[in-house]
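Trainee: Shown below is the structure under consideration.
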Amino acid sequence: MELTAEQIADIAAQAATEAVNKLKEPVHKFKHGDDGDPNEEVKVVKDAADKLLEDPKGGFKGMGHYFRDLINAGSPQGKESEYLKKWSSAVKAVMQEGDMSQGGYLVPEEFRATLLQTSLETSIVGSRAIKIPMATNRITIPALVDSNHNTNFFGGITIYRTEETAAKTVTKPAFGRVGLTLHKLTGLAQVTDELIQDSPISIEPIVRSVFGQAINFVQDDDYLNGTGANMALGAFNAANPSLIAQAIEPGQAVNTILWQNIVNMWSRLYPAGQSKAIWVANIECFPQLASMAFAVGAGGVPVWMPAGGVSGSPYATLMGRPIIFSEKMQALSTQGDIGLADFSQYLVGEKAGGVQVATSMHVYFIYDEMAFRFVLRYDGQPWWLSTLTPRRGAATLSPFVVLAVRP
């Protein structure tokens, strides 16, 4: 049975709780003789406990050994191994001395750190974009060339007001194409046989998990910022033909975001996308957003402060739409530090099956190492081929809007 890192952590946490609940149980004595001095017996117990606790592995052969014993002991027909008995006795002995009262040493020192890992951000674009499974290396998607509603719609459709007996005028939409070409993200890991044998439950799932998360992180970063060169073309990249970079206010200082910037960005989002759009911003933008003010006479009033002030949780929406803070966005004051997008107008192509994982013992056979290979084939492109000039009004509209650089 394979367990994920999260399941292993849950097992360890549950076992820790049980150990703390048993603190009042008598400590097992390491008998040194029927007529021995009780004080000497206590010293023997403490010395043995200290010696075991000094071992980073707690007397176990490895992490896999520890968790196998732990799982077996907790199963309906399970039995506590001698290793686990000695370790539990040592932990309780020292905990009753007043040390480690929170049960922190229930998991041996060498193993505890392996249960911790930094969580990477989840996908921002993928779950909101239009996903297209790809069986071949390239696919083209029709796209309407809809850039100017002053004269026609969809690149050529003109609606006429025709008299009763007059002939109708033929018009038709203009179609363009958006091409999706699979690019490749890869990862390769080498794990020694010794490490796998010492920890057969945990190592492989952890390797699969962290590589999968890392590849998905880079993939999502490309959907936001990719240049289109051997990678996806990001929605907020300057090469996106439908991207709008909203100009800043006259005299606006570097490293600032003003309330008027937010209002202007919202006004450039095409109206049909307002109910689906989200804001994405670098966390460096938060102090600027939290301190934005609307000018009233010589002063101003906060515009993004909860009713309870700083005692309340910060708002999770802006203009009524969700705001996500992400390290994938550009640094404060750089174009792309904050963006507004309707990602339903973004196309994602992916080879069926997502991240492909393969293992081989042969690649590094002479080194006693197992190879883990990870491959993702994907692409992403904005569906719009240009910005849109509305029926009335001069400012162009788009599903993708960012704030321009503040020099």
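The values are calculated or read from the model by the stated rules, or taken from the named source; none is laboratory data. All figures in this text were calculated on a predicted structure; none of them were measured in a lab. Note that we place each Cβ from the backbone using ideal geometry, even for glycine, and neighbour counts take in every protein chain shown.
Trainee: What's the total number of residues in segment 276-292 that are assigned to a loop (DSSP other than H, G, I, E, B) and modelled with pLDDT of 95 or more?
Mentor: Summing the residues that are assigned to a loop (DSSP other than H, G, I, E, B) and modelled with pLDDT of 95 or more in segment 276-292 gives 3.
Trainee: Six or more apart or on different chains, Cβ atoms under 8 Å: show the pairs whose first residue is in segment 291-313 and in the same structural domain as VAL263 (by TED's automatic domain parsing) and whose second is β-branched (Val, Ile, Thr) and surrounded by 13 or more Cβ atoms within 10 Å (Cβ to Cβ).
Mentor: From residues that are in the same structural domain as VAL263 (by TED's automatic domain parsing), the pairs are MET292/ILE257; MET292/ILE262; MET292/VAL303; ALA293/VAL303; PHE294/VAL303.
Trainee: Looking only at segment 312-338, which residues are over 21 Å from the mean Cα position of the chain (by Cα) and over 15 Å from ILE262 (Cβ atoms)?
Mentor: Correct list: GLY312, SER313, SER333, THR334, GLN335.
Trainee: A further question follows. Scanning segment 267-303 for residues that are more than 20 Å from ALA316 (Cβ to Cβ) and of a type outside the set (A, V, I, L, M, F, W, C), which turns out surrounded by the most Cβ atoms within 10 Å (Cβ to Cβ)?
Mentor: TYR270
Trainee: May I pose another question? Let me confirm something: among PHE374, PHE365, which residue is touching a helix residue (DSSP H, G or I) at 6+ places or on another chain (Cβ under 6 Å) and of a type in the set (Phe, Trp, Tyr)?
Mentor: PHE374
Trainee: Could you list, in sequence order, the residues of segment 306-320 that are surrounded by fewer than 17 Cβ atoms within 10 Å (Cβ to Cβ) and not in a helix (DSSP H, G or I)?
Mentor: Once the filter is applied, which keeps residues that are surrounded by fewer than 17 Cβ atoms within 10 Å (Cβ to Cβ) and not in a helix (DSSP H, G or I), segment 306-320 yields PRO306, ALA307, GLY308, GLY312, SER313, PRO314, TYR315, ALA316, THR317, MET319, GLY320.
Trainee: Give the residue that is farthest from THR136 (Cα to Cα), with candidates limited to residues of segment 148-183 that are touching a residue at least 24 places away in the same chain (Cβ under 8 Å) and part of a loop (DSSP other than H, G, I, E, B).
Mentor: This residue is ASN150.
Trainee: Has segment 383-403 got any residue that is more than 21 Å from VAL178 (Cα to Cα), at pLDDT 90 or above, out of contact with any Pro (no Cβ under 8 Å at 6 or more places or on another chain) and part of a strand (DSSP E or B)?
Mentor: Yes, there is a match, as at least one residue in segment 383-403 is more than 21 Å from VAL178 (Cα to Cα), at pLDDT 90 or above, out of contact with any Pro (no Cβ under 8 Å at 6 or more places or on another chain) and part of a strand (DSSP E or B).
Trainee: Test GLY300 against the stated conditions and say whether it is over 19 Å from the mean Cα position of the chain (by Cα) and more than 26 Å from ASP222 (Cβ to Cβ).
Mentor: Spelling it out, GLY300 is indeed over 19 Å from the mean Cα position of the chain (by Cα) and more than 26 Å from ASP222 (Cβ to Cβ).
Trainee: For segment 380-390, check the following and say yes or no: at least one residue is in contact with a Lys or Arg (Cβ under 8 Å, 6 or more places away or on another chain) and either small (Gly, Ala, Ser) or surrounded by fewer than 24 Cβ atoms within 10 Å (Cβ to Cβ) (or both).
Mentor: Checking segment 380-390: not a single residue is in contact with a Lys or Arg (Cβ under 8 Å, 6 or more places away or on another chain) and either small (Gly, Ala, Ser) or surrounded by fewer than 24 Cβ atoms within 10 Å (Cβ to Cβ) (or both).
Trainee: Next question. Could you tell me which residue of segment 219-244 is farthest from the chain's Cα centre (by Cα), considering only residues that are among the hydrophobic types (A, V, I, L, M, F, W, C) and buried (at least 17 other Cβ atoms within 10 Å of the Cβ)?
Mentor: Filtering segment 219-244 down to residues among the hydrophobic types (A, V, I, L, M, F, W, C) leaves 224, 229, 231-233, 235-236, 238-239, 243-244.
Checking which are buried (at least 17 other Cβ atoms within 10 Å of the Cβ) leaves us with 224, 231-233, 235-236, 243-244.
Values: LEU224: 13, MET231: 19, ALA232: 18, LEU233: 20, ALA235: 18, PHE236: 18, LEU243: 24, ILE244: 26 Å.
Among them, the one singled out is ILE244.
Trainee: Which residues, counting only those in segment 393-404, are in contact (Cβ under 8 Å) with a residue 60 or more places away in the chain and out of contact with any strand residue (DSSP E or B) (no Cβ under 8 Å at 6 or more places or on another chain)?
Mentor: Correct list: ALA395 only.
Trainee: Examine segment 284-300 for a residue that is in contact with a strand residue (DSSP E or B) (Cβ under 8 Å, 6 or more places away or on another chain), β-branched (Val, Ile, Thr) and at negative phi, and state whether such a residue exists.
Mentor: no
Trainee: Here is a further query. Looking at segment 363-401 only, could you name the residues that are among the aliphatic types (A, V, I, L, M) and within 25 Å of MET134 (Cα to Cα)?
Mentor: If the condition is that a residue be among the aliphatic types (A, V, I, L, M) and within 25 Å of MET134 (Cα to Cα), then VAL375, LEU376, LEU385 are the ones that fit.
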